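Nothing in this text is a laboratory measurement; each read-out follows from the coordinates by a stated rule. Please read these numbers as outputs of a predicted model, since none were measured by experiment. We place every Cβ from the backbone using ideal geometry, glycine too, and count neighbours over all the protein chains shown.
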Amino acid sequence: MSFNKLLSEKKPAILKKWFDAILDTYPAETADFLKKQKDRFANPVGSTIYSGMDSLLNSLLNADDPDTISKYLDDIVRIRAVQDFTPSQSLAFVFKLKDAVREEMSGESNAGDFPGELIAFERRVDALALTAFDIYMKCREKIYDLKANELRNMTVKLVERANLIFEARYRDIDLKDLVLEGNKSERGE
Amino acid sequence: MAKFTAKPKDLIQIDFKNPKTGWMDTPVEIREHMFCHPAKAKELETVGFPNIHEWRPQDENWNLPEGWKETVLNGIKERLQKYRSFHVFMDICVRCGACADKCHFYLGTGDPKNMPVLRAELLRSIYRKYFTASGKILGKTAGARELTEDVLKEIWYYYYQCTECRRCSVFCPYGIDQAEITMIGRELTNLLGLQLGWIGGPVANCYMKGNHLGLEPHTIKSNIEMMLDDIETITGIRINPTFNRKGAEILFVTPSGDLFAMPGIYTAMGYLMLFHELGLDYTWSTYASEGGNFGFFSSNEMAKRLNSKIYAEAKRLGVKWVLGGECGHMWRVLHQYMDTWNGPADFLEVPKSPITGTVFDNAKSAKMTHISEFTADLIKHGKLKLDKSRNDHLKVTFHDSCNTARGMGMFEEPRYIIKNVCNHFYEMPENTIREKTFCCGSGTGLNASENMELRMRGGLPRANAVKYVHEQHGVNMLANVCAIDRATLSASMDYWVPGVGVAGISELVGNALVMEGEKERTADLRGETLPGKEGAE
Ligand code: SF4
Ligand code: SF4
């Protein structure tokens, strides 16, 4: 049996171990809820993390392209990036996949047959961790962006008026066009 | 993100596990990005809040006023006598847990103290200790505990992580309403001068100038003038609304966010266009220039004081009835409190649409009607000429605001309007809309920027449902009837579901409204070129 085939067979058990590992970072009663409530709208955190992990495992097995992998990772990291964790705590779950795989493989008689494949797989997990770090940073930057944008949106007419007075004084521009332009630039066009 | 203070040895420790302790034995940790800054002394002085002092939530010492414990306990006692609901809510919870996983803050933070039942327990434990025989004798066994400074901090921290949205109450077999318990909890913190800047500031501005940002009459007028310029550019029609006009039939009151904030201004443009097209005999007021009421997030008395200007202005101007714009908590106040606080407004008439003749009996006593009720009635009677295709670039879903949904039971009117002005409308999943709607995550004065993480966590359940319709149907516009939603959901979408905009329903109406004498529309109210009209003009 090939390494990938073995991994595919073990996937449900690996996924369970991996999911349990991330649940451990939440308070016990919450972990229980995140695990049991299957309705994705009643349990956005648990279901997003679970389906993200499931898809990530599939992607690793299928050697999907980095963009696809990024998308699934993004779903999980985006949540962890605003929760009560330090950056390392947020992202440690990625490495937990290695533990889950090794633990599941260890019981297999032919597990020792693929040292090269196992290392290659773990390298992919390491790459996943680096991608997770990039996503994490983007999420954090976004939070700071939101703060700045919101303040600007909140007072748009007031700022616009101040700009209009300035522009009207110094340039010969049709005010109406300027208002529409102002609206467009607010939307970042 | 937790404050990054990990020591080098912690950095390699990836086996982070949460400690397992009971809630009473888990001390509160006031975390950065989860709370709002305190109010400024000047703001609190303006409205005469007690015990104003310097303090910061993250500090060990909150400089609590002398005798603070008695103040809180007396405050509880007084409120137990005054509000029967509060007394009942303190007694009857059977801890069945039905509410536990229904709060958006619990779902997003995973913090058990954000379970509504535990949030209530934070205060209930004090009630038991000082106001029940079993609690006095049995203490912790009876779920009672001493009121200490840490306990007070805990109540403060978690009562400003509740948006009083009432979702939990929908699931409680006893109808226990955490929103009301939170209101009382916040009143208690206010007795000690522990107000938030984001609430204290708007309250003071509203008291002095009539609206949250403290806009003066000339600023209000010139902001509206600029919208009129935009409307003229888009439609070719110059609108001339009136301000503070005595003898108008209708007084129009809307949240001030519609006057200066993005994307609320497009909603306001929609109002202006609709009223012009109807030839409505109405007036804006630069005094009753705020429908919203942040006093409601401080105390009952403060809310009542700030609300009084609406009837006062209606009386001064001699109007017949009051029409209100798109807002959430504003309607909770108008619908459930205004009449008993500042009524009866017997100098007003029962609202009657001058266009259709419909009498809004549901507002028989309060004399104020919601713009969505008014507009839906116009559409029902075929009084508006609408070109739905002008919203064809939008795939719309509707977010029920907590207050208009659970606070006044308005579910159908907004949907009816959307379906009549848009061709593409998609509902979010059933357990996230109507009476089960998820809060935007930033209501009740929590829409500051320093607590953005809290807001994103609380906003996740709503955003998660939007993401679903975005992926399933390509939804790109989240419609709503609330000024706070328009501001806060914009941030939430930006983080959770990029590519989805936020709009008030009256904006969509304005897009579709065919106005007498208008030029061919090539852009929507945002100045965006309509599909197929590129190069036109
Ligand atoms: S009222 Fe809303 S925010 Fe407050 S505890 Fe209940 S569900 Fe949570
Ligand atoms: S649902 Fe009601 S009775 Fe049950 S725990 Fe919650 S508040 Fe208590």
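I'd like the FRET efficiency for A:Lys16 and B:His473, computed as 1/(1 + (r/R0)^6) with the beta carbon distance as r and R0 of 35 Å, rounded to 0.05. Don't skip to the answer; put the middle values down first.
Working: r = 33 Å, r/R0 = 0.94.
Approximately 0.60, to the nearest 0.05.
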Task: segment B:116-146: chymotrypsin sites (Phe, Trp or Tyr not before Pro) in DSSP loop, at most 10 other beta carbons within 10 Å - done: none
- [ ] Report the one residue of B:Gly324, A:Pro87, B:Thr397 whose Cα lies farthest in the direction of the positive end of the charge dipole of the protein assembly as shown (charges on C-beta: Lys and Arg +1, Asp and Glu -1; origin at the Cα centre).
- [x] B:Gly324
Task: 16 Å Cα-Cα reach of B:Lys380 towards aspartates and glutamates, excluding residues that sit fewer than 8 places from it in its own chain - done: B:Glu412, B:Glu413
Open item on the list: Going by Cα centres, segment B:113-134 and segment A:35-62 are how many Å apart?
Closed with: 35 Å
TODO: Starting with the fewest neighbours, write out B:His104, B:His53, B:His218, B:His276 ranked by other beta-carbon atoms found within 10 Å of each beta-carbon.
DONE: B:His218, B:His53, B:His276, B:His104
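Shape call for the protein assembly as shown from the C-alpha gyration tensor, a ≥ b ≥ c root eigenvalues: rounded (a/c under 1.5), prolate (a/b greater than b/c) or oblate?
Values: a/c = 1.99, a/b = 1.29, b/c = 1.55.
Since a/c reaches 1.5 but b/c is at least a/b, the shape of the protein assembly as shown is classed as oblate.
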Task: Order of A:Lys147, A:Lys17, B:Lys367 - criterion: other Cβ atoms within 10 Å of each residue's Cβ, fewest first - done: A:Lys147, A:Lys17, B:Lys367
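Quick one: if the Förster radius is 45 Å, what FRET efficiency do B:Glu149 and B:Ala312 give, using the C-beta to C-beta distance and rounding to 0.05?
Numbers: r = 42 Å, r/R0 = 0.93.
Rounded to the nearest 0.05, the efficiency is 0.60.
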- [ ] Evaluate the distance, in nm, between pseudo-label points positioned 7 Å from the Cα of B:His53 and of A:Glu108 along their respective Cα→Cβ axes.
- [x] 6.5 nm
Open item on the list: Quick one: the Cα spread of segment B:202-512 along its three principal axes, in angstroms, biggest first?
Closed with: 51, 44, 36
- [ ] Can you find, among B:Ala465, B:Ile355, B:Met493, the residue farthest towards the positive end of the dipole of segment B:202-512? Put +1 on the C-beta of Lys and Arg, -1 on that of Asp and Glu.
- [x] B:Ile355
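Rounded to the nearest 0.05, what FRET efficiency do B:Phe243 and B:Ile355 have when you use their Cβ-Cβ distance and R0 = 30 Å? Walk me through the intermediate numbers first.
Details: r = 22 Å, r/R0 = 0.74.
Working from the Cβ atoms, E equals 0.85.
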Open item on the list: On a straight-distance basis, which aspartates and glutamates could pair with B:Lys246 in a cross-link, Cα separation under 14 angstrom, same-chain partners fewer than 8 positions away excluded?
Closed with: B:Asp281, B:Glu313
- [ ] Could you check the simple spin-label distance between B:Lys519 and A:Phe95, using points 7 Å along Cα→Cβ, in nm with one decimal?
- [x] 6.5 nm
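Only four residue types carry charge here, +1 at the Cβ of Lys and Arg and -1 at the Cβ of Asp and Glu. Report the dipole size of segment B:202-512 about the Cα centre in Debye, rounded to the nearest 20.
Numbers: 31 positive and 33 negative charges, 85 e Å.
In debye, rounded to 20, segment B:202-512 gives about 400.
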Task: Listed residue (B:Gly445, B:Leu259, B:Ser365) projecting farthest to the positive dipole end of segment B:202-512, Cβ model - done: B:Ser365
Open item on the list: Can you give me the distance in nm between label points at B:Asp91 and A:Arg140, each placed 7 Å from the Cα along the Cα-to-Cβ direction?
Closed with: 5.2 nm
Task: segment A:1-142, dipole about Cα centre (Lys/Arg Cβ +1, Asp/Glu Cβ -1), debye to the nearest 20 - done: 260 debye
Open item on the list: Run the paramagnetic zone check for B:Asp387: 7 angstrom along Cα to Cβ, then residues of segment B:419-435 with backbone nitrogen under 11 Å.
Closed with: none
- [ ] With only Lys, Arg, Asp and Glu charged, each at its Cβ (+1 for the first two, -1 for the last two), find how big the charge dipole of the protein assembly as shown is about the Cα centre; round to the nearest 20 debye.
- [x] 1660 debye
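According to the square roots a ≥ b ≥ c of the eigenvalues of the Cα gyration tensor, what is the shape class of chain B, taking rounded for a/c under 1.5, prolate for a/b larger than b/c otherwise, and oblate for the remainder?
Details: a/c = 1.97, a/b = 1.54, b/c = 1.28.
Because a/c hits 1.5 or more and a/b exceeds b/c, chain B counts as prolate.
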